[in-house]
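We did not get these values from a lab; they are worked out from the coordinates using the rules stated. Quick caveat, the model's predicted, so the values are computed rather than measured. Here Cβ is always computed from backbone atoms with ideal geometry, including for glycine, and neighbour counts include all displayed protein chains.
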Amino acid sequence: LYVEHPLGEGQTVPLSRDQAHYLFGVMRRGAGDALLGFNGRDGEWLVTVQEASKKGGVLRVEKQTAPQRNPPDLWVLFAPIKKARTDFIVEKAAEMGAARILPVQTDFTNSERIRQDRLQAHAIEAAEQCGGTYVPEVTDLQKLDRLLQDWPERRQLMFCDEALAGAAQNLGAVGGPAWAILIGPEGGFSEAERARLHALPFAHPVSLGPRILRADTAAVAAMTVWQMTLGDWR
Ligand code: SAM
């Protein structure tokens with residue numbers, strides 16, 4: 001269970017109405033039950049339900065069961081597509097251990113707005129379900145151009161370019177601890193964007209194979225490639 005409060009032995013944590021509904025209504029837990037809690041900072045803790053009601057409740061923090069585990073420093077940049085597919089990308093990025101998820105506006109991105117709060121809630125749910133102790137931050141929609149202009153020093157960019165179709169690139173040889181993956185929208189990247197991305201010294205164009213994948217498939221494929229070559233289980 002994800003909670004926002006600090007976690008430490010003997011502390012009590014109040015539950016929101018939504019959390020109480022989920023725990024006591026949906027999951028059928030009640031007073032005295034034990035659960036695992038995390039807040040994205042203090043590791044994983046055994047917590048027990050002290051008070052349970054439909055409107056709220058209180059947890060008591062018992063003892064730490066695992067230290068804080070942070071994912072590798074991977075950002076996932078993607079152009080939001082249809083609602084369900086955008087939700088899918090955020091959920092999978094959180095499951096696969098992205099440290100930060102950044103929706104970006106590209107030349108061919110359709111949406112002007114996203115529901116950042118909803119996407120952040122999806123990331124929390126995904127982190128809860130995969131037993132992580134870390135929740136990636138989902139940022140608000142920002143222009144890709146701007147982001148590239150203020151690009152952090154020493155962060156490498158795996159630029160997934162559908163036009164490369166099958167040309168392998170050895171990312172492992174590039175190395176480095178801080179990375180980002182960039183996936184384009186359904187319409188792909190514009191010629192101007194592709195030219196700009198190819199000219200950036202920190203951008204490494206990568207093919208995900210000879211077929212054109214949908215953006216949500218490409219996101220999962222790219223994160224898998226990254227995990228195998230540069231991630232935390234090499
Ligand atoms: N409209 C584009 C076209 O027909 O050429 C296809 C865009 S694709 C649906 C969406 C995004 O997924 C691309 O911008 C790219 O980032 C990624 N992608 C899809 N297939 C890929 C591949 N084989 N290699 C690298 N990236 C790929």
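Under 12 Å from the Cβ of E95, count the other residues' Cβ atoms, weight Lys and Arg +1, Asp and Glu -1, and hand me the total.
Computed value for this residue: -2.
Annotation for segment 59-110 versus segment 1-56: alpha-carbon center distance of 23 Å. The order of the peptides 3-12, 211-220 by mean Cβ neighbours within 10 Å, most packed first, is 211-220, 3-12. Where only DSSP H runs of four or more residues are counted, the chain gives -8000 deg cm²/dmol as its mean residue ellipticity at 222 nm, each run worth -39500 (n - 2.57).
For segment 12-66, averaging the sequence separation of C-alpha pairs within contact (under 8 Å, six or more residues apart) and dividing by the residue count gives a relative contact order of 41 percent. Based on C-alpha pairs under 8 angstrom that are at least 6 apart in sequence, the chain has a relative contact order of 18 percent. Taking a quarter of the surface of the Cα convex hull of segment 193-233 gives a mean projected area of 3.7 nm². The slack between A192 and R154, meaning 0.36 nm per residue of separation minus the straight C-alpha distance, is 11.3 nm.
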